[in-house]
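The values are calculated or read from the model by the stated rules, or taken from the named source; none is laboratory data. Just so you know, these numbers come straight off a predicted model, no measurement behind them. Reconstructed Cβ throughout: ideal geometry from the backbone, glycine too, with neighbour counts over all protein chains shown. Side chains are part of the model used for accessible areas, which takes the heavy atoms of the whole protein and leaves out ligands, DNA and RNA. Shrake-Rupley method; radii C 1.70, N 1.55, O 1.52, S 1.80 Å.
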Amino acid sequence: MKTARPSPSPPTSPSKDFVMTETPAGTRAAAPGSTAQGSAAQGSTAVADFGIDTAQRGVRQAIGDYFARLSGGQLGALPALGGLVVLFTVFTVLSPQFLTLGNIANLLTQGAGITVIGMGLVYVLLLGEIDLSAGTASGVTAAVWALHLKVDGNLLGGMGSWVFYLTLVAMALSAGMAVLTKLHVAAIPPVLALVLMLIGLPANPWLEMLLALCIGTAIGCLTGFLVAKVGIPSFVVTLALFLAWQGVVLLYIGEGGTLAVNDEVLFNVANGNLSPLGSWLLFVLAGAGYAAVVLGRHFGRLKRGLVVQPTALVGTKVGVIVVLGAVATYALNLNRSPNEAVVIQGVPYVVPIVLGLLVLGTFVLDRTRYGRHVYAVGGNAEAARRAGIDVTKVRMSVFVICSTVAAIGAIILSSKVGSVDPQAGGGNTLLFAVGAAVIGGTSLFGGKGRVRDAIVGGAVIATIENGLRLLGEPAAVVSIVTGLVLLLAASVDALSRRRSAAAGVR
Amino acid sequence: MSQPILELRGVNKSFGPVHVLHDVDFTVRPGEVTALVGDNGAGKSTLVKCIAGIHPTDSGELLFDGEPVTVGSPRDAAALGIEVVYQDLALCDNLDIVDNMFLGRERLRGLTLDDAGMEEAARKVLADLSVRTVKSVRTSVASLSGGQRQTVAIAKAVLWDSRVVLLDEPTAALGVAQTRQVLDLVRRLADNGLGVVLISHNMNDVFEVADTVAALYLGRMAAEVPTADTSRAQVVELITAGRSGDLGIPAPETATV
């Protein structure tokens with residue numbers, strides 16, 4: 001919008017004597033009276049310019065600011081956490097089995113699969129894109145490794161020759177697409193998958209996991225290339241791939257077939273527990289690491305004179321989380337077996353897996369240049385382009401991350417069930433994973449979200465399903481309630497966006 | 001007068017059959033604000049984009065600090081210290097001021113972002129520019145007013161030890177008070193020794209901050225004159241007719257078209 005224009009009709013007089021009521025050039029010096037003072041005393045006023053920025057706030061003020069942000073629409077994960085508390089309270093009151101150690105541990109392993117897929121989806125959602133194929137893509141990865149496990153490495157025999165060769169071609173194509181987009185790192189796993197399939201090493205649980213990750217990356221390269229380089233909307237690409245991958249799973253497993261997870265390590269991923277000692281080691285490692293990172297950053301900023309939360313508040317926060325961790329570890333180390341003959345204790349393996357992914361995912365998003373670029377592209381792709389960011393590459397990379405992480409999710413899901421069937425990754429898997437991210441507070445509009453959102457949201461979804469099933473509600477009720485909760489979360493997102501746009505949060 | 005920091009000599013640019021810039025000469029001096037005026041389609045934006053390396057020029061010379069240089073891409077321009085603040089602000093709403101100012105050129109400490117260092121640097125630049133309207137450098141850009149956003153965009157351009165800053169209509173969408181802030185800032189940039197090019201349609205703005213006015217008329221540089229030696233009416237004439245008295249492009253009968 002051009003607010004001011006010179007008069008469209010130029011004066012006909014060419015004379016310089018024609019003087020309108022103009023501002024002579026000389027007056028500009030008088031205009032900003034403060035400027036001269038400002039530049040004279042620049043050094044000393046530098047701090048005063050950002051008075052609020054440098055003054056250390058008290059606890060009361062910091063809490064006040066927090067509530068101001070909340071009322072301004074920056075809710076973060078708070079609605080989901082609140083919902084989780086409500087759900088826990090309701091189910092504890094209604095069902096005597098809900099708040100038992102056995103059920104809580106069960107809840108963790110039930111929710112872990114979709115939570116992990118949701119964590120990968122957060123990256124895609126941050127760009128305002130969607131990956132509808134993450135679920136069935138995870139199914140493809142599961143089918144490949146389960147088949148590899150069953151036929152002891154002889155995938156050529158397991159798949160039949162033309163399916164096998166087509167898969168090899170697909171791997172090579174994926175690697176090529178990654179190179180074309182200059183995302184060279186992503187070209188390595190597809191090539192590795194190609195080599196692993198060709199040399200046909202005998203089945204080994206760790207090899208299967210590696211194969212799953214590599215296939216996941218290859219699928220991500222394909223999706224990302226179509227969206228970022230070719231420029232097809234992600235909704236259409238992933239909708240098409242959602243269907244296609246379902247067919248591929250069927251192709252690998254065969255009509256009506258089921259591939260059992262006959263391997264102790266793979267079976268234990270979702271069903272095993274750390275030993276009590278290992279559980280405590282995990283607690284010490286995670287707790288000390290968390291405290292070191294948070295306090296280290298806090299005192300680092302304090303030393304440089306930058307604005308920080310009050311030390312008391314930060315200390316309390318760290319203390320509360322560490323104590324909660326200790327309580328949880330202690331509780332999970334108690335014997336929760338309903339059967340006298342068997343002892344079930346320790347933190348489930350899925351907890352360190354999810355924690356590890358959380359730390360890695362959050363580190364990448366918050367602390368690396370790449371993560372900053374992901375947020376920038378999600379916020380304003382054109383601005384990112386002008387700032388010299390390779391938007392195509394970033395857009396492709398999030399799909400690669402999503403599919404790779406989905407492969408980990410598939411390992412957990414298949415391990416939990418104990419087999420891979422043609423429905424693997426189909427059905428509600430993807431919808432629950434997207435739901436987990438959105439319920440946790442990740443915006444579908446892009447630019448806003450954190451990896452931990454998927455954990456909070458995944459917990460909400462798992463709790464609804466687990467609690468309603470304990471109450472003996474049919475699947476219909478579970479689906480309806482989950483759907484309504486997702487709707488509620490999306491509304492909260494839309495409304496808080498509107499509110500923060502209107503309020504202009506400080 | 002000081003030595004020009006940026007000088008264009010006889011620059012031509014065509015888009016297919018459309019000859020947009022005809023033998024344009026243009027000079028930017030450090031410590032001065034040069035206003036670039038002209039009607040819609042006169043070639044102002046094209047000229048800026050040629051300087052910024054977005055469009056390659058067809059012919060003509062670009063001298064930086066007296067040395068002939070070639071600017072083939074925005075990266076070349078940035079390396080020389082030429083920064084452009086575009087009309088539609090290139091800011092990410094979901095990031096805060098510091099993140100936006102360092103976008104694409106984040107400082108690292110090892111593998112991780114040096115957030116504290118960037119925050120200090122951003123605060124220093126804003127303080128040097130006497131920006132007082134922003135409460136915290138960690139404010140999200142979404143919550144800033146139009147003037148504050150423009151301020152951030154300009155400060156971003158200053159952050160990189162830039163020598164020449166090109167501003168494409170920085171006050172076009174702003175209210176009175178915000179225009180005031182931005183014009184003050186433009187003036188301070190020049191006072192800090194930068195060469196500033198201000199594209200504007202607004203004669204008030206031009207006469208308030210500019211030292212020199214360069215008027216483009218249908219792709220030709222009609223005149224580049226000190227603001228003090230000219231009047232608003234003359235500049236308007238230069239914009240609309242290409243000449244004013246003895247200034248500007250010679251009358252059509254003598255001009256070679």
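Could you tell me which numbered condition B:Gly193 fails, if it satisfies all but one of (1) under 13 Å from B:Glu32 (Cα atoms); (2) open to solvent by less than 30 Å² (accessible area, probe 1.4 Å); (3) not in a helix (DSSP H, G or I)?
(2)
Check A:Ser397 against each of (1) within 13 Å of chain B (Cβ to nearest Cβ); (2) of a type outside the set (Asp, Glu); (3) open to solvent by less than 20 Å² (accessible area, probe 1.4 Å); (4) assigned to a helix (DSSP H, G or I) and name the one condition it does not meet.
(1)
Quickly run through region A:337-382 and pick out the residues that are in a helix (DSSP H, G or I) and polar (S, T, N, Q).
A:Thr362
Can you tell me which of B:Asp39, B:Asp23 is crowded, with 18+ Cβ neighbours inside 10 Å, under 27 Å from B:Val206 (Cα atoms), in contact (Cβ under 8 Å) with a residue 60 or more places away in the chain and not β-branched (Val, Ile, Thr)?
B:Asp39
Here is a check on your reading of the model: is A:Glu129 charged (D, E, K, R) and part of a helix (DSSP H, G or I)?
When the stated conditions are applied, A:Glu129 does not pass them.
Quick test of your reading of the structure: B:Thr179 fulfils all but one of (1) buried (at least 20 other Cβ atoms within 10 Å of the Cβ); (2) touching a residue at least 40 places away in the same chain (Cβ under 8 Å); (3) among the β-branched types (Val, Ile, Thr). Name the failing condition by number.
The number of the failed condition is (2).
Conditions (1) surrounded by fewer than 22 Cβ atoms within 10 Å (Cβ to Cβ); (2) among the small types (Gly, Ala, Ser), marked per residue:
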site: A:Gly120; (1), (2): no, yes
site: A:Gly128; (1), (2): yes, yes
site: A:Ala137; (1), (2): no, yes
site: A:Trp145; (1), (2): no, no
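Could you tell me which numbered condition B:Leu111 fails, if it satisfies all but one of (1) within 14 Å of chain A (Cβ to nearest Cβ); (2) of a type in the set (A, V, I, L, M, F, W, C); (3) within 25 Å of B:Pro226 (Cα to Cα)?
(3)
Testing A:Ala494 on (1) open to solvent by 10 Å² or more (accessible area, probe 1.4 Å); (2) small (Gly, Ala, Ser); (3) not in a helix (DSSP H, G or I), one condition comes back false. Which one is that?
Failed condition: (3).
Go through (1) open to solvent by 50 Å² or more (accessible area, probe 1.4 Å); (2) within 14 Å of chain B (Cβ to nearest Cβ) one by one and return the number of the condition A:Ala341 breaks.
Failed condition: (2).
Would you mind stating whether B:Pro170 is assigned to a loop (DSSP other than H, G, I, E, B) and open to solvent by less than 10 Å² (accessible area, probe 1.4 Å)?
For B:Pro170, the condition - assigned to a loop (DSSP other than H, G, I, E, B) and open to solvent by less than 10 Å² (accessible area, probe 1.4 Å) - is met.
Could you check region A:410-421 and list, in sequence order, the residues that are open to solvent by 20 Å² or more (accessible area, probe 1.4 Å) and in contact with a helix residue (DSSP H, G or I) (Cβ under 6 Å, 6 or more places away or on another chain)?
A:Leu413, A:Lys416 - these are the residues of region A:410-421 that are open to solvent by 20 Å² or more (accessible area, probe 1.4 Å) and in contact with a helix residue (DSSP H, G or I) (Cβ under 6 Å, 6 or more places away or on another chain).
Residues that are under 20 Å from A:Val144 (Cα atoms): which helices (runs of 4 or more DSSP H) entirely in region A:208-313 hold 3 or more of them?
Qualifying helices (runs of 4 or more DSSP H): A:234-253, A:264-271.
Where residues in region B:59-79 are surrounded by 14 or more Cβ atoms within 10 Å (Cβ to Cβ) and charged (D, E, K, R), which of them is farthest from B:Arg105 (Cα to Cα)?
B:Glu61
For region A:276-297, does any single residue satisfy the condition of being of a type in the set (Lys, Arg), within 14 Å of chain B (Cβ to nearest Cβ), more than 25 Å from the chain's Cα centre (by Cα) and more than 19 Å from A:Asn335 (Cβ to Cβ)?
No, there is no match, as no residue in region A:276-297 is of a type in the set (Lys, Arg), within 14 Å of chain B (Cβ to nearest Cβ), more than 25 Å from the chain's Cα centre (by Cα) and more than 19 Å from A:Asn335 (Cβ to Cβ).
Give the number of residues within region B:116-144 that are more than 8 Å from chain A (Cβ to nearest Cβ) and either in a helix (DSSP H, G or I) or open to solvent by 40 Å² or more (accessible area, probe 1.4 Å) (or both).
Number satisfying all stated conditions: 7.
Each row is one residue, and each column tells you yes or no for (1) more than 7 Å from chain A (Cβ to nearest Cβ); (2) open to solvent by less than 20 Å² (accessible area, probe 1.4 Å); (3) assigned to a loop (DSSP other than H, G, I, E, B); (4) not hydrophobic (A, V, I, L, M, F, W, C).
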position: B:Asp205; (1), (2), (3), (4): yes, yes, no, yes
position: B:Ala214; (1), (2), (3), (4): yes, yes, no, no
position: B:Glu224; (1), (2), (3), (4): yes, no, no, yes
position: B:Ala228; (1), (2), (3), (4): no, no, no, no
position: B:Ala233; (1), (2), (3), (4): no, yes, no, no
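Scan region B:147-196 for residues that are under 20 Å from B:Arg123 (Cβ atoms), more than 9 Å from every other protein chain (Cβ to nearest Cβ) and of a type in the set (Asp, Glu) and jot them down.
Once the filter is applied, which keeps residues that are under 20 Å from B:Arg123 (Cβ atoms), more than 9 Å from every other protein chain (Cβ to nearest Cβ) and of a type in the set (Asp, Glu), region B:147-196 yields only B:Asp161.
Quick one: which of A:Ala424, A:Ala376, A:Ala407, A:Ala436 is surrounded by 22 or more Cβ atoms within 10 Å (Cβ to Cβ), within 14 Å of chain B (Cβ to nearest Cβ) and not charged (D, E, K, R)?
A:Ala376
Being open to solvent by 50 Å² or more (accessible area, probe 1.4 Å) and within 14 Å of chain B (Cβ to nearest Cβ) narrows it down to one residue among A:Glu465, A:Glu382; which is it?
Only one candidate passes the filter, namely A:Glu382.
For region A:84-103, how many residues meet the condition of being more than 20 Å from A:Val481 (Cβ to Cβ) and in contact (Cβ under 8 Å) with a residue 60 or more places away in the chain?
The number of residues fulfilling the criteria is 3.
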